[in-house]
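Enquirer: Let me give you the structure first, and then I'll get to my questions.
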Ligand code: F6P
């Protein structure tokens, strides 16, 4: 008789809301629907290197749906990019393979962003059975229309912008808010539109200081006594790693003469309870991963495409990033409503 299938789950990269919902989705489906044994590996790929894991049963998987962070812990360990390794030393990828085999795993589910999916693809090339699940607040994983974590981050960023409006209005100021997103502008674009940002700057659209400043001066002429400027952290690349918010706020105040303040939202937008949308997406991704394992379909990343949960080859995903197209419908809509993206002449 076939033995029960054994699966491992790890969460890697920055944490985000919905990780526990995904772990629960995989774990409960694997145990209850398919009778599999489930193991949780600690702290991302570090746990596989150090052989650090626990058995996940129904009790451990209960009550975690609404919790932020990850019950497994996470790390930014990149096992395939270690140049410091000695020639005779057992390499991290070899250690991971050894521990995978010692655990007698039939599949390892790697939940993470771009870096994690790349590592997952390399492990699949090493002959391990791997399934990826895309997560990140940045929404920049190639091959899927959406990652869980993004919706929660947009909710938090939008609430922050709503709050900044009141101070902006009361003091007749320009308020600059910097949101995360790595090198992509998804969070800035969505929270900027949802929060009624007057200026939205994203890495995908080249902007000019003068255009931003002139636009804000024009608003002041039109008796719009305050303005909100939403910027993605990724635009800071231009300023030799200085925070974008500080540069932009100073630049605006100097050029417009209007009192300007900056806020960096930071890790607040990555923490806490997942939104209902993220809980649903993470649960669907998790359940689908378990289904793929039962069908022995490995070497793929679970994905959302055209509102359907599907999968895409890990080989296709690795090393790519999904950024915002400059003709994205939200940008077009914003332009119709006179939102400034820093490139529009006024
Ligand atoms: O990828 C998620 C993210 O929060 C990015 O938006 C941000 O650039 C980065 O992680 C921050 O990384 P760390 O947690 O290592 O400071």
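Enquirer: Quick check: is even one residue across the range 94-109 crowded, with 16+ Cβ neighbours inside 10 Å, in a loop (DSSP other than H, G, I, E, B) and either modelled with pLDDT under 95 or within 16 Å of the ligand (Cβ to nearest atom) (or both)?
Expert: Among the residues of the range 94-109, not one is crowded, with 16+ Cβ neighbours inside 10 Å, in a loop (DSSP other than H, G, I, E, B) and either modelled with pLDDT under 95 or within 16 Å of the ligand (Cβ to nearest atom) (or both), which makes the answer no.
Enquirer: Between 246, 319, 272, which is more than 29 Å from residue 18 (Cα to Cα) and either modelled with pLDDT under 95 or assigned to a loop (DSSP other than H, G, I, E, B) (or both)?
Expert: 246
Enquirer: What's the total number of residues in the range 192-204 that are within 16 Å of the ligand (Cβ to nearest atom) and either buried (at least 24 other Cβ atoms within 10 Å of the Cβ) or free of Cβ contacts under 8 Å to residues at least 40 places away in the same chain (or both)?
Expert: Final tally of qualifying residues: 3.
Listed here are the residues, each with its yes/no results for (1) surrounded by 22 or more Cβ atoms within 10 Å (Cβ to Cβ); (2) more than 13 Å from the ligand (Cβ to nearest atom).
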position: 181; (1), (2): yes, no
position: 186; (1), (2): yes, no
position: 190; (1), (2): yes, yes
position: 206; (1), (2): no, yes
position: 210; (1), (2): no, yes
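Enquirer: In addition: Conditions first: (1) at pLDDT 95 or above; (2) within 16 Å of the ligand (Cβ to nearest atom). Residue 236 passes all but one, so which condition is the exception?
Expert: Just one mismatch for residue 236, condition (1).
Enquirer: Given the range 124-240, what helices (runs of 4 or more DSSP H) lie entirely inside it while holding 1 or more residues that are closer than 30 Å to residue 23 by Cα?
Expert: 150-171, 186-194
Enquirer: Let me ask something else. What do you reckon, is residue 287 part of a strand (DSSP E or B) and either under 18 Å from residue 21 (Cα atoms) or in contact with a helix residue (DSSP H, G or I) (Cβ under 7 Å, 6 or more places away or on another chain) (or both)?
Expert: So residue 287 does not fit the description; no.
Enquirer: Let me ask something else about it. Give just the number: which of (1) crowded, with 19+ Cβ neighbours inside 10 Å; (2) more than 16 Å from the ligand (Cβ to nearest atom); (3) not in a helix (DSSP H, G or I) does residue 26 not satisfy?
Expert: Failing condition for residue 26: (3).
Enquirer: Of all residues in the range 157-181, count the ones that are free of Cβ contacts under 8 Å to residues at least 60 places away in the same chain and more than 23 Å from residue 256 (Cβ to Cβ).
Expert: Count: 4.
The values are calculated or read from the model by the stated rules, or taken from the named source; none is laboratory data. Being a predicted model, the structure only gives us computed values, none of them experimental. Cβ: placed from backbone, ideal geometry, glycine included. Neighbour counts: every protein chain shown.
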